[in-house]
């Protein structure tokens, strides 16, 4: 008989779980944490300066121009939205499939979703060029007619999809945290700590009747988030697929984008979990090698789907007989941007194949390196889609090249500062592992239930 | 000033008798026994959801899915009406010769309305049914959100009798029995 692998190591009791997870929030962090926090904060401040200069001087500071009029902003927006998708997949889809191993990583993955969507949301607003008028994207009664937004436009669909996604993810994350915030409240010795966590926990009491409704709402939110997450990246792909640019106007885009999003997001979860395990050694009992291996398997599977999509695109371009379509795909592989195309193929399709070997799947340093490669590869996938399709479309007289400036690089690199800064603050102020969800799975993989004190 | 505000808003509880366990299996047996003894308003306080409790106390299936369904439907109706009203009625604009009422193109926005309405109404229903938010509600034992489990019988329950309840709690090995406000 195949034995289940334990989900939590070290024979923990309920009290141990509470202590392990809460103590991280309750004690003053060490120098390693402060050093990380200050360095990502420096990057965040740099990001704010770069964004401020772009807003003050205008979009001319960035590389976008004719014919490549979608640049770093849109590439990085799609990149960060994609990162968010794995969080919802872990917290909602794996919940619906009753995958118990998700419990100890779901909270952090959902936090990653919220922060990634926040980071992503700034880019299209910046891209509008006049971000102080971004509220024009919303349908509100106004004195210009009233002139309403064009609901036929994928860009408006995107506004609705991303804002709904941000709202529902935030609510799902917060509802999941309420019982754990009550645990922190009840443990608090300090008056202000008790008040702050008491307010955040909304006065949760944990009665049988409360839990009955709570679990139902948690399941409903998971069931609503699942079609939502699929719709969000499908709609992001419509931004491209609904236009008539060769290389964008393809029916494979929605599933291709969703698979890519899950692929990149899981790579980011692995990257973050390796960092968390290094910063907080106590968590190694909760986020075990088994968890990391399971995520690496998903990276490999979705990497193969993405590889299939690359091949399918090539095949359909050839099979279509449309010369412009064929040209775009030839141009991607051997044109001036061939380096980015092959970088994407190597990072996304070739390197994750190493995960076929169990020794690679279970090696922390190797999975960290591979997950970084996947992150790089997935950013370049969006680069290839946006830049190579725009730079040479129908008329050779309107061909051109895209040149990234200092501000493009600054916005891209700086956005990691914002994301990681929020993430590190979260790790130290909120329960980073779901206490009330881990306790019921303590027995999984331990024989006879002796772990249940 | 803040302290007086907090005490003014503080949620009031009901007096009653609480039994506290560290072994949740005994608590479930005690809950069955309490229900047989005719109590209806008692409840369990646990650090994590336990499905046996619903049966032991007699908690019916949550009604919240109906709220989700109805508000999902409201979201659908709102989305249909709003896209029609803005694009085809209030200020119709010809965009690329497409019909004013371009239903297929409105589906993504209508879908997002369905999800948003359904999700937020479910959370609203949770707040109503669980009485959230509460300011500083009474706590029987701070360990009840960590590793202890309690049963609480309020004094307004049918046939409330301290001696009888205490006996049931003791019979099933409660570690502690105390009068409490909850």
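Taken together, the values in this text are just the output of simple stated rules run on the coordinates, not laboratory data. Treat the numbers as computed from the prediction; the structure is a model and nothing was measured. Counting neighbours? That spans all protein chains shown, and the Cβs are built from the backbone with ideal geometry, glycine included.
Quick look at the numbers
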| item | result |
| --- | --- |
| Hypothetical label at residue B:127: residues of the range B:62-100 whose amide nitrogen lies under 20 Å (7 Å Cα-Cβ projection) | B:63-75 |
| Per-selection metrics, the range A:369-453 (Cα): Rg and Dmax in Å | 23.4, 76 |
| Extent along principal axes [Cα atoms of chain B; Å; largest to smallest] | 80, 45, 29 |
| Potential lengthening between residue A:23 and residue A:53 on full extension [0.36 nm per residue; Cα-Cα distance subtracted] | 6.7 nm |
| The range A:14-438, relative contact order [Cα under 8 Å, separation at least 6], % | 31 |
| Modelled FRET efficiency - R0 60 Å, residue A:15 with residue A:395, Cβ distances, 0.05 increments | 0.25 |
| Rounded tilt (10° steps) of B:64-84 against the dominant C-alpha axis of chain B | 20 |
| Protection-proxy order for peptides A:81-87, B:39-45, A:402-408, A:56-62, each taking the mean of Cβ atoms within 10 Å per residue, highest first | A:81-87, B:39-45, A:402-408, A:56-62 |
| Acute angle (nearest 10 degrees) that the helix B:24-36 long axis makes with the longest principal axis of chain B, alpha-carbon atoms | 90 |
| Principal-axis tilt of helix A:323-334 within chain A, Cα atoms, nearest 10 degrees | 60 |
| Shielding score for A:15-22, defined as the mean number of other chain Cβ atoms within 10 Å | 2 |
| Enclosed volume per residue, in Å³, of the convex hull spanned by Cα atoms of the protein assembly as shown | 188 |
| Label point at residue B:23 placed 7 Å out along Cα→Cβ; residues across the range A:3-25 whose backbone nitrogen lies under 20 Å | A:12-16 |
| Relative contact order of chain B, defined on C-alpha pairs under 8 angstrom at six or more residues apart (%) | 51 |
| Inter-chain shielding of B:49-58 (mean C-beta neighbours from other protein chains, 10 Å cut-off) | 4 |
| Calculated on alpha-carbon atoms, Rg and Dmax of the range A:249-369 in Å | 17.4, 59 |
| As computed over the range A:185-284, the Cα convex hull volume per residue (Å³) | 183 |
| Estimated translational D of the range A:41-158 in µm²/s (Stokes, Kirkwood radius over Cα pairs; 10 °C; 1.306 mPa s) | 95 |
| Rough spin-label spacing in nm, given labels placed 7 Å along Cα→Cβ, for residue B:91 and residue A:140 | 1.4 |
| Footprinting exposure proxy for B:160, A:319 (fewest neighbouring C-beta atoms within 10 Å first) | A:319, B:160 |
| Geometric extent, Cα atoms of the range B:64-129 - Rg, Dmax (angstrom) | 14.6, 50 |
| Partner chain coverage, peptide B:100-108 - average Cβ within 10 angstrom | 3 |
| Estimated [θ] at 222 nm from DSSP helical runs (n ≥ 4, -39500 (n - 2.57)) normalised by residues in chain A, nearest 500 | -22000 deg cm²/dmol |
| Two-site FRET efficiency, residue A:163 against residue B:170, from Cβ-Cβ distance with R₀ of 56 Å, rounded to 0.05 | 0.50 |
| Efficiency of FRET between residue A:366 and residue A:282 - r from beta-carbon atoms, R0 25 angstrom, step 0.05 | 0.60 |
| Average Cα contact separation per residue, the range B:64-129, under 8 Å, 6 or more apart, as relative contact order % | 56 |
| Long-range Cα-Cα pairs in the range A:121-270 (distance over 24 Å), rounded percent | 54 |
| Proxy reagent accessibility, fewest Cβ within 10 Å first, across A:248, A:173 | A:248, A:173 |
| Fewest-first sequence of A:332, A:144 by Cβ atoms within 10 Å of each Cβ | A:144, A:332 |
